[in-house]
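Read the structure below first, then the notes.
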Amino acid sequence: MTDQPSEPSVSAIRDAARPPVADRATFQAELNQLRVREKAHTREGDAIAAARRRLPMVEVDPRTPLTGADGPVPLTGIFEGRSQLIAYFHMWHTGRPAAEQCEGCTFNTSHINELSYLHSRDVSYAVFCQGPYEEASRYRDFMGYTVPWYSVPQGSVDRLVADRYFGILACYLRDGDQVFETYWTSGRGDEAMAPSYGLLDRTVYGRQEFWEDSPEGWPQRWGSQGGQFRLDGRPAAQWPRIRAGRDDDLGPMPDGWTRCSCSLHTGPRAAAAT
């Protein structure tokens, strides 16, 4: 991507402008003023969550098949006996190498590991991947993901995605043999999955992305079209796996699937990469 530095360097941070220095009392006084806004923001978040709990829901075919390690699984089976399910719809570029897989979906999915707290609330979690299971599961293994992982067969896409797109986060409720979708979001709504952003927002330089409102001289090195999730030509989270010696070969493209020809591989980004 043209919106990411070709050689990210710590020196860019060391050479950046800095906030003014104040004594402890002055620092705390200004922080206390900000804390009022932070608490108001938290309360508004609570009110929005309360409104989510009052949304209507839409019925989804509970027999919709997905593909897991042991073959087809109906949507009801993904709940693993629980009453609720959160599913992240992972975008996939069939027939493309690991380095060309979705950087945003990799960013989101790489943050989710510990599910016991969700399970304690009777909530299951799973990834619904757009691509063929044979290929996408190799990516899961390469990345070391431990959460339940399923492929959405082409015949099931319309039933689940319903004129939307992969990259959404959706919530479901099971009532006996019926399944209902209760909420979905995408884009910045998916940031709930990624505590890295929440932590960066609390640092002096923030996310270091071009769109942020930062003082003059603050480092802003990253765009918002995917480059913010990539480093040296591949999703940033892949590098620790590569350095650990993991194999990122996704194998041959499975029969019946067509090599991805989306704009990522045919548009300006592909041209810029050649």
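The values are calculated or read from the model by the stated rules, or taken from the named source; none is laboratory data. In this text the structure is predicted, and so the values were computed from the model without any measurement. Ideal geometry is used to build each Cβ from the backbone, glycine not excepted, and the neighbour counts take in all protein chains shown. Each accessible area value is taken on the protein alone, full model and side chains, heavy atoms only, with ligands, DNA and RNA left out. Shrake-Rupley method; radii C 1.70, N 1.55, O 1.52, S 1.80 Å.
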Worksheet item: If you build a Gaussian network model of the chain, linking Cα atoms that sit under 10 Å apart, which residue out of Gly217, Gly131, Gly256 swings the most?
Response: Gly256
Worksheet item: Would you list His41, His119 from the most to the least accessible area, probe 1.4 Å?
Response: His41, His119
Discussion item. Under 8 Å for C-alpha pairs, at least 6 residues apart: give me the relative contact order for the chain, rounded to a whole percent.
Written reply: 28 percent
Item to complete: State, to one decimal in nm, how far the label point of Glu80 lies from the label point of Trp239, with both points 7 Å from Cα in the Cβ direction.
Response: 3.2 nm
Worksheet item: With θ set to phi - 60° and the Karplus curve 6.51 cos²θ - 1.76 cosθ + 1.60, what are the ³J(HN,Hα) couplings of the stretch 21-32 in order, to the nearest whole Hz, using x for Gly and Pro?
Response: 8, 9, 6, 4, 5, 5, 4, 5, 4, 5, 5, 4
Fill in: Phi-based couplings in Hz for the stretch 150-164 (Karplus 6.51, -1.76, 1.60; Gly and Pro marked x)
9, 9, 9, x, 4, x, 9, 4, 4, 5, 9, 7, 6, 6, 10
Item to complete: Taking the dipole about the Cα centre of the chain, with the C-beta of Lys and Arg at +1 and of Asp and Glu at -1, give me whichever of Val204, Asn113, Tyr165 is farthest to the positive side.
Response: Val204
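Once neighbouring chains are kept in place and the probe is 1.4 Å, which whole percent of the accessible area of the chain is contributed by carbon and sulfur?
Values: 8180 of 15730 Å².
Percent of accessible area from carbon and sulfur atoms in the chain: 52.
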Response to the item:
Note on the stretch 27-140: contact order normalised by length, alpha-carbon pairs under 8 Å, 6 or more apart, percent, works out to 25 percent
Worksheet, complete the sentence: The long-range amide H neighbours of Cys129, using H built 1.01 Å from N in the peptide plane and a cut-off of under 5 Å, are His90, Tyr150, Ser151, Val152
Discussion item. Please compute, over every Cα-Cα pair in the chain, the percentage with a separation greater than 31 angstrom.
Written reply: 37 percent
Discussion item. For Tyr183, what residues show an amide H to amide H distance below 5 Å, using hydrogens built from the backbone and excluding near sequence neighbours?
Written reply: Cys171
